[in-house]
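Structure, as structure tokens:
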Amino acid sequence: MLRSMLGEPPRTPDGALKAAFAAMGEFTELCDRLSRRNPEIAGKLRTYAVWAEGLRRSLDELEESLFAAEFFGNRVPRVSWEKLTDADRLNYGRHVYFDKNAYIRIFSLLDKMGTLMNDLLELKTEKVKPRFSYFTVLRRLRETGRHAELAAMLTALKEEHRDAMSRLRRRRNTEIHYMNAELKDDLQTSERMGSGNGEPWHLENLPGNMADAREGWAMVLGTVERVFAFACGRMRRLP
């Protein structure tokens, strides 16, 4: 949708995104097939199929937000705020909007995955922590010792992107609980550049922020593909 609004050609899913979509599609088909053979659990399976479709849409929306954030961010010159033209400032504002949308969606999507995993794998995380995140579910998965192969894959993925995800989490928490995250980034950058002494106000590190967001995207994609591939393997063994 956003690509067409920006005059860009439609996206053709490939690589990790294509693999994630394929695993989600197979999962939905299996839910439909099994619900017809097993009426006693049909309601639960239909719920899983609806959740999977919602996650597919969320994944698509996240990818579009990342694309738009990068699209506008690439049009903002790396100069002080005072040197930006009106057009530059408009592009900056649009970049901030989609960047913020993206990093909030990264954690939202992971938490939705956690909800599905908790129910599908019968982890009962809510008994340990009534309001839980994806990371709580992953810790619960490791602690129970169940599905060790999946736990190992997801843990390795989390560790691979730990630093970038920590920075994204700080920005998300700042945005939700304290102030506009981009203003805090601007302030910190300005202090490092000496703007408190009358120097120009420099923008935050847009390429660095986008690099973190791309790592968050990679973690989300890897998580989705691994969980749904694992779920499909289990469901194929059901009668």
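No value in this document is a laboratory result; all are computed from the given coordinates. These figures come from a predicted structure and were not determined experimentally. Neighbour counts are summed over all protein chains in view; Cβ atoms, including those assigned to glycine, are modelled from backbone coordinates with ideal geometry.
Laid out as a table, the results:
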{"quantity": "Rg and Dmax [Cα atoms of the range 1-58; Å; Rg one decimal, Dmax integer]", "calculated": "15.1, 49"}
{"quantity": "The range 112-126 residues near the modelled ASN38 label - backbone nitrogen below 14 Å, point 7 Å along Cα→Cβ", "calculated": "120-122"}
{"quantity": "Förster radius 45 Å - calculated FRET efficiency between ARG234 and ARG75 (Cβ-Cβ, nearest 0.05)", "calculated": "0.45"}
{"quantity": "Estimated dipole of the chain in Debye, rounded to 20 [Cβ of Lys and Arg +1, of Asp and Glu -1, Cα centre]", "calculated": "1100 debye"}
{"quantity": "Point-to-point label distance, TYR97-GLU8, nm (Cα→Cβ direction, 7 Å offset)", "calculated": "1.6 nm"}
{"quantity": "Quarter of Cα convex hull surface for the chain, i.e. mean projection, nm²", "calculated": "15.1 nm²"}
{"quantity": "Cβ-Cβ FRET estimate between THR47 and GLU82, R0 fixed at 45 Å, reported to 0.05", "calculated": "0.25"}
{"quantity": "Estimated FRET transfer efficiency when R0 is 22 angstrom, pair ASN205-SER108 (beta carbons, to 0.05)", "calculated": "0.40"}
{"quantity": "Length released on extending from ARG57 to ARG89, taking residue separation times 0.36 nm less the Cα-Cα span", "calculated": "8.5 nm"}
{"quantity": "The range 116-157: proportion of alpha-carbon pairs further apart than 14 angstrom, %", "calculated": "38 percent"}
{"quantity": "Over the chain: helical MRE at 222 nm, DSSP H runs n ≥ 4 each giving -39500 (n - 2.57), nearest 500", "calculated": "-25000 deg cm²/dmol"}
